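Okay, structure first, notes after.
The values are calculated or read from the model by the stated rules, or taken from the named source; none is laboratory data. Note that the structure is a prediction, hence the values are computed from the model and not measured. A quick note on method: Cβ atoms are made from the backbone with ideal geometry, for glycine too, and the neighbour counts reach across all protein chains shown.
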Amino acid sequence: MGRHNFLSIRDFSPEEIRYLLELASEIKSHPSAHTGALKGKTLAMIFEKPSLRTRVSFDVGIQQLGGFALYLSNAEISLGKRESIYDVMKNLERMVQAIMIRTYAHEIVEQMAMYASIPVINGLTDFSHPCQAMADYLTMLELKHSVAGLKVAYIGDGNNVCHSLMFTGAQLGANVWVATPRGYEPKPDAIQWARQRGQQTGGTLTLTEDPEEAAADADVIYTDVWASMGQEKEAESRRKIFAPYQVNSDLFRRAKFDALFMHCLPAHRGDEVTDEVMDSPHSVVYQQAENRLHAQKAILLELMQYREVLEPARKEEFAHR
Ligand code: CP
Ligand code: NVA
């Protein structure tokens, strides 16, 4: 595939997304075939926000491939405060072979990728969560066998998870519906991109304020927290605004009889989803979480396995001798 970074689903062609999902599925079926593929390679993981799944799945994933993960919290590096992003990258690229970052502004991951000669992976920004979407569609493929034409209804906040779900749905030809309260819609450029890519793949994107319309005959109902990391102060006011968007049994009943319930987790049970739905046989949330591991192993392999021994910055240095 020859890609250098994994920053956004939008950077890839539909064929590349399909290829990565196939690779993830192959890795899941034959994990031992890839043991040692990243022997001696280190992934630095920078977390400016908390995490369970992202941290564990990247750490375990690279270990299973023979590599090593290094956890760096904001307390250690204080990106942009203790040291500029440029200097952090110029140091890290000499010691590790790839960087995964979870941060706030999406521009930070873009800047990091611009400065570094090693691959950068987006482990969630305020704008998107591409690794999550890869695991989500891997799960849909496993359970529904094809994504093209599926009605994927996202109900809640038009946030980072929603954007990546829209992008990947557009890449794979899904009919994505997004139901949000007014003022909480996905970003206009995200809507525009998904619709444009859909013209190429047969995918559609429909926005509504009516959760029942979105849920009607859906193959998948997806929700996420109403207040994302960094929006803690808005949690109370959002709880009132989003109350009609709760995924409960009444709403879920409108979907197809064999619909899946999906959530990226962590879930706030009793807010965006009830226990009844979350613990129902329709719920595939833990399979989704496991698939983070397999999807990210595919991303790590693709970005790190075929890289030359000498990184470009080092090569440049030797060229001057
Ligand atoms: N879904 C997800 O990214 O979970 P964490 O925030 O726990 O990493
Ligand atoms: N939208 C959530 C996703 C967490 C995985 C957040 O950004 O907090």
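Can you pull out the residues in the stretch 246-282 that are acidic (D, E) and under 15 Å from T139 (Cα atoms)?
Selection gives D258 alone.
On the basis of being within 16 Å of ligand 1 (Cβ to nearest atom) and β-branched (V, I, T), does T201 make the cut?
When the stated conditions are applied, T201 does not pass them.
Somewhere in the stretch 102-114, is a residue part of a loop (DSSP other than H, G, I, E, B), in contact (Cβ under 8 Å) with a residue 40 or more places away in the chain and touching a strand residue (DSSP E or B) at 6+ places or on another chain (Cβ under 6 Å)?
Taking every residue of the stretch 102-114 in turn, none turns out to be part of a loop (DSSP other than H, G, I, E, B), in contact (Cβ under 8 Å) with a residue 40 or more places away in the chain and touching a strand residue (DSSP E or B) at 6+ places or on another chain (Cβ under 6 Å).
Please determine, by comparing only the residues of the stretch 248-266 that are within 16 Å of ligand 2 (Cβ to nearest atom) and in a loop (DSSP other than H, G, I, E, B), which one is farthest from V152 (Cα to Cα).
Among residues in the stretch 248-266 that are within 16 Å of ligand 2 (Cβ to nearest atom) and in a loop (DSSP other than H, G, I, E, B), the one farthest from V152 (Cα to Cα) is P266.
Scan the stretch 195-202 and give yes if some residue there is touching a residue at least 24 places away in the same chain (Cβ under 8 Å), of a type in the set (K, R) and in contact with a strand residue (DSSP E or B) (Cβ under 9 Å, 6 or more places away or on another chain), otherwise no.
Yes: one or more hits.
Could you check the stretch 27-54 and list, in sequence order, the residues that are touching a residue at least 24 places away in the same chain (Cβ under 8 Å), more than 16 Å from ligand 2 (Cβ to nearest atom) and in a helix (DSSP H, G or I)?
Result: I27, K28, P31, H34.
For the structure I just gave you, tell me whether S57 is out of contact with any Pro (no Cβ under 7 Å at 6 or more places or on another chain) and part of a helix (DSSP H, G or I).
Yes.
For the stretch 157-194, name all the residues that are among the charged types (D, E, K, R) and free of Cβ contacts under 8 Å to residues at least 24 places away in the same chain.
D189
Quick check, is H163 of a type outside the set (G, A, S) and within 15 Å of ligand 1 (Cβ to nearest atom)?
yes
Could you tell me whether the stretch 3-10 includes any residue that is β-branched (V, I, T), in contact (Cβ under 8 Å) with a residue 60 or more places away in the chain and assigned to a helix (DSSP H, G or I)? Lay out the reasoning, then the answer.
Within the stretch 3-10, the subset β-branched (V, I, T) is 9.
Then drop every residue that is not in contact (Cβ under 8 Å) with a residue 60 or more places away in the chain, which leaves 9.
Among the residues that remain, those that are also assigned to a helix (DSSP H, G or I) are: 9.
Yes, that holds for at least one residue.
Pairs only if they're at least six apart or on different chains, beta carbon under 8 angstrom, first in the stretch 256-274 and touching a residue at least 40 places away in the same chain (Cβ under 8 Å) and within 18 Å of K240 (Cβ to Cβ), second aliphatic (A, V, I, L, M) and within 16 Å of ligand 2 (Cβ to nearest atom); list them, first residue then second.
H268/V225; D271/V225; E272/V225; E272/V247; V273/V247; V273/A267
Collect the residues in the stretch 272-282 that are within 16 Å of ligand 1 (Cβ to nearest atom) and either assigned to a loop (DSSP other than H, G, I, E, B) or at pLDDT below 95 (or both), keeping them in residue-number order.
The answer is E272, and nothing else.
Rundown of residues vs (1) under 30 Å from E212 (Cα atoms); (2) within 16 Å of ligand 2 (Cβ to nearest atom), yes/no style:
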position: S84; (1), (2): no, no
position: D87; (1), (2): no, no
position: K90; (1), (2): no, no
position: E93; (1), (2): no, no
position: I99; (1), (2): no, no
position: A105; (1), (2): no, yes
position: N122; (1), (2): no, yes
position: T125; (1), (2): yes, yes
position: E142; (1), (2): yes, no
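Taking the criterion of being within 16 Å of ligand 1 (Cβ to nearest atom), within 20 Å of the chain's Cα centre (by Cα) and at pLDDT 95 or above, would at least one residue in the stretch 79-98 satisfy it?
Scanning the stretch 79-98, I find no residue that is within 16 Å of ligand 1 (Cβ to nearest atom), within 20 Å of the chain's Cα centre (by Cα) and at pLDDT 95 or above, so the answer is no.
Return a yes/no flag: does the stretch 183-193 have any residue that is surrounded by 14 or more Cβ atoms within 10 Å (Cβ to Cβ) and over 20 Å from D126 (Cβ atoms).
No, every residue in the stretch 183-193 fails to be surrounded by 14 or more Cβ atoms within 10 Å (Cβ to Cβ) and over 20 Å from D126 (Cβ atoms).
Which ones in the stretch 228-238 are within 15 Å of ligand 2 (Cβ to nearest atom) and either free of Cβ contacts under 8 Å to residues at least 60 places away in the same chain or acidic (D, E) (or both)?
Passing the criteria: Q231, E232, K233, E234, A235.
Give the residues of the stretch 83-100 that are among the β-branched types (V, I, T) and surrounded by fewer than 24 Cβ atoms within 10 Å (Cβ to Cβ), sorted by residue number.
Passing the criteria: I85, V88, V96.
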